[in-house]
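One structure below.
The values are calculated or read from the model by the stated rules, or taken from the named source; none is laboratory data. Since we're looking at a predicted model, the values are computed, not measured. Positions of Cβ are backbone-derived with ideal geometry, glycine not excepted, and every protein chain shown enters the neighbour counts. Each accessible area value is taken on the protein alone, full model and side chains, heavy atoms only, with ligands, DNA and RNA left out. Shrake-Rupley method; radii C 1.70, N 1.55, O 1.52, S 1.80 Å.
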There are 2 protein chains.
Amino acid sequence: MNKQQNILIIGAGLCGSLLALRMGQRGYKVSVYEKRPDLRQVNLDSGRSINLAFSDRGNKAIKLVGIEDKVKALCIPMNGRMLHDIEGNTVFAPYSGREHEHINSISRGALNALLLDEAEKHQNVSIYFNKKCKSVNFEKTTALFQDYETKNEFIEDADVIIATDGAGSIMRQSYYLGKKFLFSFSQDYLTHGYKELSIFPTENGDYKTYKNALHIWGRDSFMLIALPNLDGSFTVTLFLSYDDGAYNFNNLTTKERVIEFFRKYFKDALELMPNVVDDFFKNPTSPLGTVKCSPWHYKGNTLLMGDAAHAIVPFYGQGMNASFEDVVEFDKVLDTYKGDWETVFKTYEASRKKDTDAIADLAIDNFHEMKGHVNNAIFREKRNLEMALEKQFPNDYSSKYSLVTFNEAIGYQEAMLRGRAQDKAILNMLNDGTLNLKDDLKIILEKVKKETEAILEDDRIAGLK
Amino acid sequence: MNKQQNILIIGAGLCGSLLALRMGQRGYKVSVYEKRPDLRQVNLDSGRSINLAFSDRGNKAIKLVGIEDKVKALCIPMNGRMLHDIEGNTVFAPYSGREHEHINSISRGALNALLLDEAEKHQNVSIYFNKKCKSVNFEKTTALFQDYETKNEFIEDADVIIATDGAGSIMRQSYYLGKKFLFSFSQDYLTHGYKELSIFPTENGDYKTYKNALHIWGRDSFMLIALPNLDGSFTVTLFLSYDDGAYNFNNLTTKERVIEFFRKYFKDALELMPNVVDDFFKNPTSPLGTVKCSPWHYKGNTLLMGDAAHAIVPFYGQGMNASFEDVVEFDKVLDTYKGDWETVFKTYEASRKKDTDAIADLAIDNFHEMKGHVNNAIFREKRNLEMALEKQFPNDYSSKYSLVTFNEAIGYQEAMLRGRAQDKAILNMLNDGTLNLKDDLKIILEKVKKETEAILEDDRIAGLK
């Protein structure tokens with residue numbers, strides 16, 4: 001293979017900069033074009049997605065490119081959910097019964113800056129900022145860009161183009177509008193939007209509430225969450241319907257209404273956020289959407305990756321992790337078929353799409369779990385039981401959450417199928433009394449395993465597979 | 001309510017012409033704009049969708065507008081599937097155990113012509129042909145048209161616009177491209193396409209094979225079907241992958257390959273189609289897609305209906321029936337909320353969308369059933385059992401097929417949930433020996449009902465509903 005092949009990457013976000021780093025390590029000549037300015041020089045965050053959950057699937061990619069320690073320095077471990085009820089009482093619900101398993105809060109900007117720095121260490125990687133992609137000619141493998149400052153337009157060609165330009169991908173739009181091939185595509189919006197708020201540090205720079213948790217104020221039809229930042233602050237996000245219910249984004253239009261809403265539903269959070277009204281009216285309300293599409297590639301010319309191929313809602317904390325895992329999976333396929341881009345792209349999509357479809361669906365599941373089910377008695381009983389099983393049988397049991405988040409050796413689809421069957425088994429056995437919590441945990445484990453297998457087998461037979 | 005409100009309907013296909021008729025009957029001033037010429041004067045069919053399956057849900061609408069007898073005269077009853085195996089052997093599999101239940105083959109063109117004639121009998125209904133819609137301004141409730149002959153463009157306004165302009169709806173595209181509101185949208189293509197072929201009548205004008213059935217040559221990864229026409233011919237459709245398998249649309253490029261393919265897999269059909277090669281190369285290959293979207297309406301100004309709102313694949317024979325049922329459901333809501341279009345549109349979508357989503361998914365299910373499962377031993381055993389149950393307990397049992405096709409009093413979603421649970425119950429009980437076919441049918445019925453309820457209940461608990 002000609003190592004000097006030109007790879008054009010559209011978008012220098014988390015996925016694009018990681019991919020550039022990896023392709024640089026592999027010796028390709030990599031050019032990255034990013035529409036925004038260099039975030040290492042300009043503060044771009046304006047109340048949207050300031051921090052993210054980073055976990056084991058993402059870490060596979062970070063290990064692959066050899067910067068695990070540098071990323072770890074940016075992480076704040078979150079060992080579980082801190083559930084806040086309407087009275088302000090809290091319960092801590094761990095993510096896993098295995099002590100070493102946790103997720104991490106990480107700053108989007110700091111991680112992106114690190115990846116850009118690492119990518120630029122390679123002489124064969126060039127990153128250009130303020131270059132907005134306008135369209136991609138996937139038949140000719142060229143892309144049209146516009147310089148933000150000069151407004152001049154220019155065309156770049158390459159041996160292959162990989163678009164990592166996010167949920168609003170321009171290359172995906174070129175696929176859709178081009179009508180040159182059958183392009184399956186979906187964009188699905190939730191009826192809820194989100195708005196970022198913040199809990200500032202104390203005067204001494206300390207955390208105002210427990211640091212090592214993802215805080216959740218679940219209120220069934222809406223919720224508030226908070227993730228810690230290294231500077232002692234928390235990034236808070238309100239998920240709320242645009243239109244439905246007594247309080248919604250369309251009718252929270254005055255200072256008084258906002259205070260009233262927070263006082264009624266998030267009393268303890270309000271005490272930590274004297275700044276809530278300012279944040280509420282300063283920060284935008286953003287939609288929550290899922291994007292799926294296929295094919296991701298056009299012949300051996302172009303490929304969609306990361307959010308450009310599969311944008312998901314944030315509720316499983318897997319958006320970035322899924323995009324990072326894309327790079328790992330792509331890299332594996334490249335080992336096997338390098339030199340034949342069409343086969344690389346086709347093989348990659350054939351093995352990967354089922355998993356990104358699954359995490360999209362799981363993320364919707366978790367929206368309902370976080371805002372409501374965490375308050376449900378039978379659901380809590382299930383979680384407590386699962387924590388006990390994971391603790392006593394660390395090698396024999398993993399909850400759906402663990403399968404998705406900590407079992408990075410299996411794909412999202414397998415995690416989804418097994419995880420949903422386990423949930424169904426436990427919830428039904430708790431409901432009909434088949435599970436007796438006073439039984440030996442070993443007996444309970446066997447019952448859960450047997451019932452889970454029966455559920456999976458019934459589904460297989462009904463599907464005539 | 002002002003009965004002289006102007007209703008603009010885009011598209012005079014089956015749904016649009018039925019809607020025009022109904023709105024005309026209600027006294028509205030209705031203008032219909034259709035991009036094609038008047039099909040009563042020009043033969044438009046060119047190897048695409050010449051006949052359709054018409055059944056009970058469609059007939060609800062035909063009864064509503066009072067033309068049941070006229071439609072009946074166009075119908076050829078199909079009482080079941082005639083399954084053709086690879087050797088040319090046939091088995092007849094009825095659609096129902098209740099003798100009066102059947103579906104009908106009907107000519108799209110003849111039915112459309114009838115609906116246009118009936119609509120035009122109303123002085124308050126005007127239909128304009130050769131007027132192509134270019135875009136809809138849903139904020140102003142206006143539509144831009146182009147005259148096919150003069151090429152002149154003109155704008156029409158109305159009190160409300162209802163787009164019944166099919167799977168490629170221009171108004172839906174205006175919603176999508178307008179980005180004025182969050183528009184969820186999906187287009188999903190199967191990897192299979194279709195091509196229409198034909199079996200001509202005998203020299204005496206007789207049917208060359210059994211008239212009152214839907215013929216199926218299911219070959220697991222592809223299939224051929226045939227529906228009878230009033231003139232003694234059959235419209236035949238080949239469903240085949242574009243790319244996969246030894247024979248596919250992309251590699252069937254020579255006369256010899258086409259003959260070889262038919263000789264190998266459809267020996268008995270080939271004997272009835274000496275014209276197959278001509279048809280194959282003359283007729284286009286068309287894609288099979290599902291379209292879902294939401295919202296269907298913009299405020300009280302505009303509404304999508306029929307395929308424009310929910311295009312489905314043809315395998316349940318429900319595309320036209322679903323669109324006709326739209327008119328019935330819309331008409332009901334109009335009775336309740338007439339005078340308040342926004343409430344009419346919102347209420348209609350809120351009650352209807354779950355059902356059109358369900359029939360879209362059911363139609364995909366049936367693709368797999370028709371091409372493969374009909375040949376599967378346990379599936380045939382299930383169907384035989386269900387026919388016996390329907391025959392012996394006509395008021396107590398309906399298969400999934402019957403729930404969808406003949407139980408027009410329940411919605412598609414309810415039919416889907418109950419039908420899938422029944423299938424799962426029977427297939428699993430047959431598989432594990434819980435059902436003994438020598439048992440009394442009454443005992444079998446009770447077992448099936450009990451197991452179906454258990455499956456639905458387990459799902460409810462797992463969903464925490």
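Here's the yes/no breakdown for (1) within 14 Å of another protein chain (Cβ to nearest Cβ); (2) of a type in the set (S, T, N, Q); (3) open to solvent by 50 Å² or more (accessible area, probe 1.4 Å):
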| residue | (1), (2), (3) |
| --- | --- |
| A:ALA143 | no, no, no |
| A:LYS151 | no, no, yes |
| A:ASP157 | no, no, yes |
| A:LEU177 | yes, no, yes |
| A:THR209 | no, yes, no |
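One line per residue, one yes/no per condition, for (1) modelled with pLDDT of 95 or more; (2) exposed (fewer than 15 other Cβ atoms within 10 Å of the Cβ); (3) within 16 Å of A:LEU389 (Cβ to Cβ):
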{"position": "A:GLY419", "(1), (2), (3)": "yes, no, yes"}
{"position": "A:MET429", "(1), (2), (3)": "yes, no, yes"}
{"position": "A:GLY433", "(1), (2), (3)": "no, yes, no"}
{"position": "A:LYS438", "(1), (2), (3)": "no, yes, yes"}
{"position": "A:LEU441", "(1), (2), (3)": "yes, no, yes"}
{"position": "A:LEU445", "(1), (2), (3)": "yes, no, yes"}
{"position": "A:LYS450", "(1), (2), (3)": "yes, yes, yes"}
{"position": "A:LEU456", "(1), (2), (3)": "yes, no, no"}
- Note on the structure: When segment B:406-465 is checked residue by residue, the ones that are among the small types (Gly, Ala, Ser), within 12 Å of chain A (Cβ to nearest Cβ) and not in a helix (DSSP H, G or I) are B:GLY463
- Hey, can you tell me all the residues within segment B:382-391 that are away from chain A (no Cβ under 12 Å) and surrounded by 15 or more Cβ atoms within 10 Å (Cβ to Cβ)? B:ARG383, B:LEU385, B:GLU386, B:MET387, B:ALA388, B:LEU389, B:GLU390, B:LYS391
- Of (1) more than 14 Å from chain B (Cβ to nearest Cβ); (2) open to solvent by less than 10 Å² (accessible area, probe 1.4 Å), A:ASP278 satisfies all except one. Which? (2)
- Residue among A:TYR348, A:TYR397, A:TYR412, A:TYR401 that alone is assigned by TED's automatic domain parsing to the domain that holds A:ALA311 and either aromatic (Phe, Trp, Tyr) or at positive phi (or both): A:TYR348
- Taking only segment A:53-110 into account, find how many residues are of a type in the set (Lys, Arg) and either open to solvent by less than 60 Å² (accessible area, probe 1.4 Å) or at positive phi (or both). 4
- Query: Can you pull out the residues in segment B:235-244 that are surrounded by 13 or more Cβ atoms within 10 Å (Cβ to Cβ) and in contact with a Phe, Trp or Tyr (Cβ under 9 Å, 6 or more places away or on another chain)?
  - Reply: B:THR237, B:LEU238, B:PHE239, B:LEU240, B:SER241, B:TYR242
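Among the residues in segment A:353-362, are any modelled with pLDDT of 95 or more, more than 23 Å from A:LEU304 (Cα to Cα), open to solvent by less than 40 Å² (accessible area, probe 1.4 Å) and not hydrophobic (A, V, I, L, M, F, W, C)?
Within segment A:353-362, none of the residues are modelled with pLDDT of 95 or more, more than 23 Å from A:LEU304 (Cα to Cα), open to solvent by less than 40 Å² (accessible area, probe 1.4 Å) and not hydrophobic (A, V, I, L, M, F, W, C).
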- Task: Quick one: A:ASN366 ticks every box in (1) assigned to a helix (DSSP H, G or I); (2) of a type in the set (S, T, N, Q); (3) open to solvent by 10 Å² or more (accessible area, probe 1.4 Å) except a single one, so which number is it?
- Result: (3)
- Pick out the one residue from B:ASN229, B:ASN275, B:ASN283 that is touching a Lys or Arg at 6+ places or on another chain (Cβ under 8 Å) and in contact (Cβ under 8 Å) with a residue 60 or more places away in the chain. B:ASN283
- Query: Does any residue in segment A:362-379 that is without any contact (Cβ under 8 Å) to a residue 24 or more places away in the chain and within 12 Å of chain B (Cβ to nearest Cβ) come within less than 6 Å, Cβ to Cβ, of a residue that is buried (at least 19 other Cβ atoms within 10 Å of the Cβ) and not in a helix (DSSP H, G or I) six or more places away or on a different chain, and which pairs are these?
  - Reply: none
- Note on the structure: Among strands (runs of 3 or more DSSP E) entirely within segment A:211-270, at least 2 residues that are of a type in the set (Ser, Thr, Tyr) and within 16 Å of A:ASN283 (Cα to Cα) occur in A:234-241
- Item | Positions within segment A:179-191 being in contact (Cβ under 8 Å) with a residue 40 or more places away in the chain and either within 20 Å of the chain's Cα centre (by Cα) or within 12 Å of another protein chain (Cβ to nearest Cβ) (or both), in sequence order | A:PHE181, A:PHE183, A:SER184, A:PHE185, A:SER186, A:GLN187, A:ASP188, A:TYR189, A:LEU190, A:THR191
- Message: Against the condition under 26 Å from the mean Cα position of the chain (by Cα), within 14 Å of another protein chain (Cβ to nearest Cβ) and either at positive phi or assigned to a strand (DSSP E or B) (or both), how does B:TYR194 come out, does it pass?
- Response: yes
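Which residue out of A:THR253, A:THR285 is within 28 Å of the chain's Cα centre (by Cα) and surrounded by fewer than 18 Cβ atoms within 10 Å (Cβ to Cβ)?
The conditions single out A:THR285.
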- Query: If you take the residues in segment B:187-207 that are surrounded by 20 or more Cβ atoms within 10 Å (Cβ to Cβ) and of a type in the set (Ser, Thr, Tyr), which one is nearest to B:ASN51 (Cα to Cα)?
  - Reply: B:SER198
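So that you can scan it fast, the table gives a plain yes or no per residue for (1) part of a strand (DSSP E or B); (2) more than 15 Å from A:ASN59 (Cα to Cα); (3) within 14 Å of another protein chain (Cβ to nearest Cβ):
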site: A:THR290; (1), (2), (3): yes, yes, yes
site: A:CYS293; (1), (2), (3): yes, yes, yes
site: A:ASP307; (1), (2), (3): no, yes, no
site: A:ALA311; (1), (2), (3): no, yes, yes
site: A:PHE315; (1), (2), (3): no, yes, no
site: A:ASN321; (1), (2), (3): no, no, no
site: A:PHE324; (1), (2), (3): no, no, no
site: A:VAL328; (1), (2), (3): no, no, no
- When (1) within 20 Å of B:PHE200 (Cα to Cα); (2) open to solvent by 30 Å² or more (accessible area, probe 1.4 Å); (3) within 23 Å of the chain's Cα centre (by Cα) are applied to B:ALA226, the one that fails is (2)
- Within segment B:295-314, can one find any residue that is open to solvent by 30 Å² or more (accessible area, probe 1.4 Å), among the basic types (Lys, Arg) and farther than 30 Å from B:ASP243 by Cα? yes
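Condition first: over 27 Å from B:LEU190 (Cα atoms) and within 14 Å of chain A (Cβ to nearest Cβ). Now tell me which residues in segment B:348-361 satisfy that.
Within segment B:348-361, B:ALA350 is the sole residue that qualifies.
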- Of all residues in segment A:426-450, count the ones that are within 31 Å of the chain's Cα centre (by Cα) and under 22 Å from B:GLN422 (Cβ atoms). 1
- Somewhere in segment A:113-122, is a residue farther than 24 Å from A:LYS332 by Cβ, assigned by TED's automatic domain parsing to the domain that holds A:ASP326 and within 19 Å of the chain's Cα centre (by Cα)? yes
